Amino acid sequence: MDSKGNISIEIGIILIIIVLIAGTVLSLSEISTQKIVRQTENEHIQTFIEEAVVNLINNPGTPENWEVKKKGTPGLAIVNEEGKVIPNSISYTKFLALKGNYKKLVTRTLFDSKIKTSMELIPHESSVSSVKIGNSEKSNVIHSVNRLVKCDFYKKYVIKDFQNEGKCNHNHDQTSHSCNYFKVFKGNLRASDYYLLIDDKEKYDLKYYIGTTRLAKDKSWENVVSDEIYLNDEINFYDDKNAVVFIHFNHQKAKALLVSVPKTFDKNKLEYDYFRTNDCEFILRAWY
């Protein structure tokens, strides 16, 4: 083979090598571009859901009663008795309102159907079970945001919390007792059930008695042997339409709550922890 033939072969080999190198570079470039795109998407979705969580736990939503009307822009923050928004909080009523309308209120309204999500509320140091709502997680890449919040569960039904200072019609020293009272009408008992809910750790060490302003003689102290005490049958109206009922405990700041719940209320949830403010972990998960 002459020198011209050798040169042609060498040029051909060089061209093949150049093509291979160019292909490799192009392939690496495409992989790198895909990684950058994925990284950008991941950063975007993470920022997106972080902003959503901040808004949810600090905003009560619009309109004011969106959870009743089942429309509007949802927010989960608790509004207290003075009408002030409690930051970093979650209303259990609003959280459950999302459960039945998740696709409409969350997927469409909050995230414009761009991503799928789920939410979970996990109480800390409580007998209350965690609650999870939203889509089933079927993606290999799931983004999440965790926040510690205050959650109220069924606190809206609490009339008196005996951890707080109260009043006594028998001059019991509140450094060694917990006393308080409430007013009730006959009609209230037709619509609602009244209970004393006791922290499970307190029930056998605590004594109580219940009386009204019409009761002339003190009643005997009774041992608390259950974490729930039904009160409707304990209230005597005599010949009046209403009664002022006093409740006395023989411990200071007793871990006890007076609640009034609808007749239809799930009695399996008549537990002390369900009616007090809990520290909870709120988790929002998201994926494409």
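Net charge near H124, counting Lys/Arg +1 and Asp/Glu -1 over other residues with Cβ under 15 Å of its Cβ? With Lys, Arg at +1 and Asp, Glu at -1, the neighbours total -3. Bridgeable lysines around K219 (alpha carbons under 16 Å apart, same-chain partners fewer than 8 residues away excluded): K207. Count Lys and Arg as plus one, Asp and Glu as minus one, and take only other residues whose Cβ is under 9 Å from that of S89; the net charge is then 0.
Taking every lysine pair in segment 224-288 that is 8 or more places apart or spans two chains, those with Cα atoms closer than 28 Å amount to 7. Semi-axes of the equivalent ellipsoid for segment 157-275, computed as √(5λ) from the eigenvalues of its C-alpha gyration tensor and ordered from largest down, come to 20, 20, 12 Å.
Distance between the C-alpha centres of segment 73-134 and segment 223-274: 29 Å, rounded to the whole angstrom. The equivalent ellipsoid of segment 217-264 has semi-axes of 21, 17, 11 Å, largest first, where each one is the square root of 5 times an eigenvalue of the Cα gyration tensor. Going by neighbour counts of Cβ atoms within 10 Å, the residues S91, S226, S113 line up, fewest first, as S113, S226, S91. When each of the peptides 276-287, 96-107 is scored by how many other beta carbons lie within 10 Å of its residues on average, the order from highest to lowest is 276-287, 96-107. From least to most packed, judged by other beta carbons within 10 angstrom and beginning with the fewest, S118, S144 follow the order S144, S118. The local environment of G187, defined by Cβ-Cβ distances under 15 Å, has a net charge of +3 under the rule Lys, Arg +1 and Asp, Glu -1.
Every number in this text was worked out from the coordinates using simple rules, so none of it is lab data. In this text the structure is predicted, and so the values were computed from the model without any measurement. When we count neighbours, we look across all protein chains shown, and the Cβ atoms used for this are built from the backbone with ideal geometry, even at glycine.
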